[in-house]
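Structure first, then comments.
The values are calculated or read from the model by the stated rules, or taken from the named source; none is laboratory data. Just so it is clear, the structure is predicted and the values come from calculations on it, not from any experiment. Cβ coordinates were reconstructed from backbone atoms using ideal geometry, including for glycine residues, and neighbour counts include every protein chain displayed.
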Amino acid sequence: MTRLSRFVAKTLSLRISLMVVCAIAVLLTAALVVMLQFSWMAVKGEATQKAQQTLDATVQHVDNILLNVEQTAGNIYWDLLSHLNDPQRMSAYSRHLVETNRYITGAAIAFEPNYYKDRGKLFMTYCHRDTSQGNADADAPIIEAHTFGTSPYTEQSWYRVPVDSGRPCWTNPLKNGDTEHEAIITFSLPIYDHSRKVIGVMAVDLSLLLFSEIVQAAKPSPHSYAVLLGSDGSYIVHPDSDKLSHHSVFSLSRQHTNRTIYEAAEAMINGKSGYKKIRINDTESYIFYKPFQRTSAPIRIQQKLGWSVGLIYPKSDIFSSFFHMVYAVVAIAVVSLLLLLLLCKFITHRQLLPLRVLTLQMQRIAEGHYNDTIPASNLGDEMGSLQQHFKQMQKALAKHMGDLQHLTTSLRERGEVLDEANRQAKDADRMKTAFLHNMTNQMITPVSNIGKSIDKMSLAATQEDFNREVDTIGNESKTITEALNNLLNLSMK
C-alpha cells in the first residue's frame with residue numbers, strides 16, 4: 001500500500017485522473033441513488049398494484065367456484081323437494097351432484113331422526129370421490145356411504161348449523177377427526193317440508209386441497225401464493241396441504257413465535273385491507289390482504305362468511321428485477337469509471353508530456369548543464385507559454401552563469417595576485433621582525449655595558465678608572481648609534 005501511495009504521489013497524471021474520476025463518481029453515485037430510490041418506489045408500487053389485481057382475481061375466482069357449487073346444489077335441491085317421499089332417489093341425487101360438478105368431492109343428504117320410519121332412526125346417503133389411491137379427482141371412483149365422520153351427523157356442524165338457523169350456509173373447514181378424508185368446506189341447504197319445517201339437510205363438499213390447487217394456478221410471481229382464511233383463522237386455501245389438514249394460522253404462528261404472521265392474521269380476520277411485512281421461514285415477504293366479498297346474484301343467500309384472502313409476495317420476487325438492474329448499473333458504472341480513469345490517464349499523460357520534458361531539462365540545469373537548449377513549443381496554451389518562459393529563463397540563466405563564471409575567473413586571478421602579495425608581505429614582515437630582533441640583540445649588549453660602566457664610574461677610586469669607563473661608554477654609544485643609523489636607513493628603503 002505504501003508503494004502504491006508513493007507511486008500515486010509521484011505521478012501527476014494519475015493524481016489528476018483519480019481526482020476527475022472521484023468527482024464524477026460522487027456525482028454519479030448521487031444520481032444513481034436518486035434514480036434507484038425512484039425505481040424502488042416504482043417497483044414497489046407496481047408490485048402493490050399487481051398484488052391488488054391478483055387479490056381481486058383470486059376473490060373473483062373463489063367466488064365463481066362457490067357460486068358454481070351453489071347453483072349446482074340449488075338445481076338439484078329444487079328437484080329433490082318434489083321427491084321427498086322417495087328415499088331411493090336420495091342416493092341418486094347425491095351421486096349426481098358429485099358426477100356433474102368437478103369442484104364437488106362429496107355430497108350428503110340427511111334427514112331428521114325418524115323421518116323415514118321404515119329406514120331406521122337416522123337416514124343419510126353420502127357419496128364422495130375416493131382419492132386415497134392417488135387417482136385424479138375426475139377419474140376417482142365414487143363411493144356411497146351412510147355415515148360421515150366419527151359422530152352422528154345430527155351433531156356435526158354441516159348439519160346442525162342450517163337446521164338451527166333455517167338458512168343455507170357455508171361452514172368453516174372440517175379438519176382432522178371431523179372428516180374421514182381430506183379437509184373440506186361444506187355448503188349446506190336446509191330441506192323444508194310443505195309446512196316450512198326443516199326436515200333435513202343437503203350438503204356438498206369442496207376439497208380444500210383441490211380448491212387450493214385451482215386458486216394457486218394464478219399468481220404474480222414464481223414463489224408467491226394465495227391464502228384464504230376462514231373466520232376462525234383456519235386455512236381454506238394454502239399451497240401446503242399439511243396446513244390445510246391440521247393447522248390454523250394462529251396455532252402455527254404461536255408454534256414459531258412469529259409475531260408478524262400473528263399480527264397479519266389478526267388484521268385479516270378483522271376484515272381489514274392493506275399489506276404488512278412478514279417473515280416466513282427466514283424469508284422476508286409482503287402479505288397483501290383484503291376481505292372476501294361475495295358477488296350479488298339473484299336468489300343467492302348473502303351470507304357473511306368472514307373470510308379473508310391474502311397474497312404472500314416474497315421480497316426477492318418483488319425486487320428481483322430491481323436487484324438485477326442495480327447489479328447491472330453498478331457493474332456498468334464501475335467499468336465506466338475504470339475506462340474513464342484509463343482515458344483520463346492517457347489524455348493527461350499526453351497533455352503533461354511537455355511538463356515532463358521541462359522537468360528533465362530543469363534536472364539537467366540543476367546538475368550544472370546550463371547551456372542545454374530547451375526545445376521550442378508549438379502549443380498555444382498555458383503549457384506552451386510555460387515552456388517558452390522556461391526557454392527564456394534558461395537563456396538568461398546561461399548568460400548569467402557565463403558572466404558569473406567570467407567574474408569568478410577574474411576574481412580567482414586577482415586572488416592569486418593578492419595571495420602572492422600577501423605572501424611577500426608576510427616574508428617582509430618576517431624579515432623585519434628578524435632584523436628588529438637582531439638589532440635589538442645588538443643594542444642590548446652596549447646598553448648593558450653602558451649601565452655597568454656608569455655603575456663603575458660611581459665607584460671609581462681613581463681618575464684613570466673613571467676615564468676608562470667614560471671611554472667604554474663612548475664606544476658603546478657609537479655602536480648603538482650605528483645600529484640606529486642602519487635601522488633608519490632600512491626603513492627609508
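Scanning the range 28-69 for residues that are touching a strand residue (DSSP E or B) at 6+ places or on another chain (Cβ under 6 Å) and either within 30 Å of residue 330 (Cα to Cα) or not β-branched (Val, Ile, Thr) (or both) returns 51, 55. Every condition in (1) under 30 Å from residue 473 (Cα atoms); (2) surrounded by 11 or more Cβ atoms within 10 Å (Cβ to Cβ) holds for residue 399 except the one numbered (1). Residues in the range 280-298 that are farther than 13 Å from residue 313 by Cβ and in contact with a helix residue (DSSP H, G or I) (Cβ under 7 Å, 6 or more places away or on another chain): 290, 292, 293, 294, 295, 297. Do we find that residue 48 is within 58 Å of the chain's Cα centre (by Cα) and part of a helix (DSSP H, G or I) in this structure? Spelling it out, residue 48 is indeed within 58 Å of the chain's Cα centre (by Cα) and part of a helix (DSSP H, G or I). The number of residues in the range 104-133 that are surrounded by fewer than 18 Cβ atoms within 10 Å (Cβ to Cβ) and either assigned to a strand (DSSP E or B) or under 58 Å from the mean Cα position of the chain (by Cα) (or both) comes to 3. Evaluation of residue 365 against the conditions (1) modelled with pLDDT under 75; (2) outside any helix (DSSP H, G or I) shows that the sole unmet condition is (2). Close Cβ contacts (under 9 Å, 6 or more residues apart or on different chains) running from residues in the range 25-38 that are among the hydroxyl-bearing types (Ser, Thr, Tyr) to residues that are assigned to a helix (DSSP H, G or I) comprise 29/333. Quick check on residue 269: is it among the hydrophobic types (A, V, I, L, M, F, W, C), more than 20 Å from residue 318 (Cβ to Cβ), modelled with pLDDT of 75 or more and in contact with a strand residue (DSSP E or B) (Cβ under 9 Å, 6 or more places away or on another chain)? Yes; evaluated as a whole, the condition is true for this residue.
If I filter the range 269-282 for residues that are of a type in the set (A, V, I, L, M), more than 21 Å from residue 64 (Cα to Cα), more than 35 Å from the chain's Cα centre (by Cα) and assigned by TED's automatic domain parsing to the domain that holds residue 70, do I get at least one hit? Yes, the conditions are met somewhere in the range 269-282.
Condition check ((1) out of contact with any strand residue (DSSP E or B) (no Cβ under 6 Å at 6 or more places or on another chain); (2) within 27 Å of residue 267 (Cβ to Cβ); (3) modelled with pLDDT of 80 or more) across all residues:
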{"residue": "139", "(1), (2), (3)": "yes, no, no"}
{"residue": "162", "(1), (2), (3)": "no, no, yes"}
{"residue": "165", "(1), (2), (3)": "yes, no, yes"}
{"residue": "171", "(1), (2), (3)": "no, yes, yes"}
{"residue": "197", "(1), (2), (3)": "yes, no, yes"}
{"residue": "201", "(1), (2), (3)": "no, no, yes"}
{"residue": "218", "(1), (2), (3)": "yes, yes, no"}
{"residue": "234", "(1), (2), (3)": "no, yes, no"}
